[in-house]
Every structure is written in structure tokens, then in C-alpha cells.
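The values are calculated or read from the model by the stated rules, or taken from the named source; none is laboratory data. Note that the coordinates shown come from a computational prediction; the quantities given were computed from them, not determined experimentally. As a convention, Cβ positions derive from the backbone with ideal geometry for all residues, glycine included, and neighbour counts pool all protein chains shown. Note: accessible area is taken over every heavy atom of the protein model, side chains too, but ligands, DNA and RNA are not part of it. Shrake-Rupley method; radii C 1.70, N 1.55, O 1.52, S 1.80 Å.
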Amino acid sequence: MAIILDLILLTLTVFVTAYIGAYFLPLNLPLRLILSALISIVAVSAIRRAFFKPRNNKMSYRKYVTYLIWQGEDYAKDIIAKLCEDKKQFQDMGEYILIDNTPVFLWTKYGAISADTMVRYYRICKKNGIQKAYILTTNGDKKTTAFIKNFGDVMLVYSNFRQIYNAVKKTDLLPQDSKTKIPAKQMLSMIIQTAFTRKNGFRFIGVSLLLLLISFVTPFANYYIAIASINLALAIACMAVSLKNS
């Protein structure tokens, strides 16, 4: 989705830039539009080939983290157990696991670890005589990291799933990145919901007001007024979509 929006924005940017250049050529309006469209298509196609490389079917780290969140803590434990060559290296203690006798807590959720959860981990460590433990998390939080330092007698160390991902990738345990084709109607709806938000509506209004102010001091007043009108139309569309969703 992000790549699609980036390509749309890039195409519009190149088109406007090309039209500004074509404005100084002795061409009528239809020829300027055609020339600008051709330049934007060629330029964006070249940039897409250069920077948007085709990916293999292996899941990226970011998607793997999302996959772990959806599969849950038990799945993460099973994967780590498979990665341990000697079964004695891995022990499931219920609320935490032991890897080579090192206590590790697993946090496979979208939200950052709350202070209450950190207190629970701390109590578990105190109860079991653990002075140092690791937290494998899919979502770290700097504020919580600072909160940990206040404990003093128990050290809880943050770590992400990057090492697990690299190990899974090497051992061929990484799931395939299956991509299902999204219907065009659903894709269009997703783009509209993502692009036409209330926040973007205020941005369009701000840009249009700025362009209108510039039109008073530039010889290209008609151009700036036209672009400002487009931004106002987009702002209205954003507000309409926002009201519909609310």
C-alpha cells in the first residue's frame, strides 16, 4: 500500500514539474498536458525499475514480526525450540523460557510493553531468583526501558526478534510470503481511506492558502490559482470521506 501511494505521489510531482517546464514552450494546453504525461510516465517507470526491485518470496523481517504477533507466544516458543540443536538448551518454564539457562520473556503483541507487565516480569524474576533476564519483544518502548532501570536489583534487557529471524531464514523455517491479489475495487477503497483523511484535508487547505497568497506576487498567478483549486477540491474530498467514516 505504501509503495502504491509513493508511486502516485511521485507521478503527480513529476507531472506538475514537467508541466511547469512545458509552460515556457510554444505549445498549446493539450500538447503541454500530453508532453507532461509522457515525461511523467517515462520518469516514474525508470525510477521504479531502479529502486523498486522485485522481491523474493521470503518474508521480510517486518512481516515476520507481524506474523509472530498473529501466531502468538506458543508459536514463538515452538520456533525457538526447533532452533535449539540440543533440546536441553531450551526449557519452557510457562511464563518465560530458558535458552542455555538464560531466562527470556516473550512479548508478541502490537502494543508496547506496559509498566504493569514490566512489574509482573520483575516479580517473576524475584520469585525465581533471577538477576538478569531478556525480553524478546516485537514492540520496544524507550519510556519503558527507562522505567526498567529504576528496579536496580533485577536487570531486564530488551531485544528484538532479528536474531531469531536470521536463524529461521538460514534453517529454511521462514514462512513463504504469500501475496493474494487484492480486487481493484477493494484496492481503490483502501487508497481512498488511507489518503483522504481529516489530517490530510487540513494539509491540502494549508497548501491551497499558501498558493493563493503566492499568486498575488507571481507572474504565474493563473497556474498557482489552478493548483490551489485542486488542493481545495482534495481537501473537500478528505472532509467528505472523514465525515462518512465517522
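So the values come out like this:
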read-out	value
Residues being β-branched (V, I, T) and either open to solvent by 90 Å² or more (accessible area, probe 1.4 Å) or not in a strand (DSSP E or B) (or both) - total across the stretch 90-111	1
Extreme residue, modelled with the lowest pLDDT, among residues of the stretch 158-190 that are out of contact with any helix residue (DSSP H, G or I) (no Cβ under 7 Å at 6 or more places or on another chain), part of a helix (DSSP H, G or I) and surrounded by 12 or more Cβ atoms within 10 Å (Cβ to Cβ)	M187
Residue in the stretch 130-149 that is at pLDDT 85 or above, of a type outside the set (F, W, Y), within 30 Å of V104 (Cβ to Cβ) and open to solvent by 80 Å² or more (accessible area, probe 1.4 Å) present	yes
Members of the stretch 80-89 found to be touching a residue at least 60 places away in the same chain (Cβ under 8 Å) and open to solvent by less than 50 Å² (accessible area, probe 1.4 Å), listed by number	I80, L83
All positions within the stretch 99-121 that are without any contact (Cβ under 8 Å) to a residue 12 or more places away in the chain, in contact with a strand residue (DSSP E or B) (Cβ under 9 Å, 6 or more places away or on another chain) and of a type outside the set (D, E, K, R)	N101, T117
Complete set of residues in the stretch 210-236 that are more than 18 Å from V16 (Cα to Cα) and in a helix (DSSP H, G or I)	L213, A235, I236
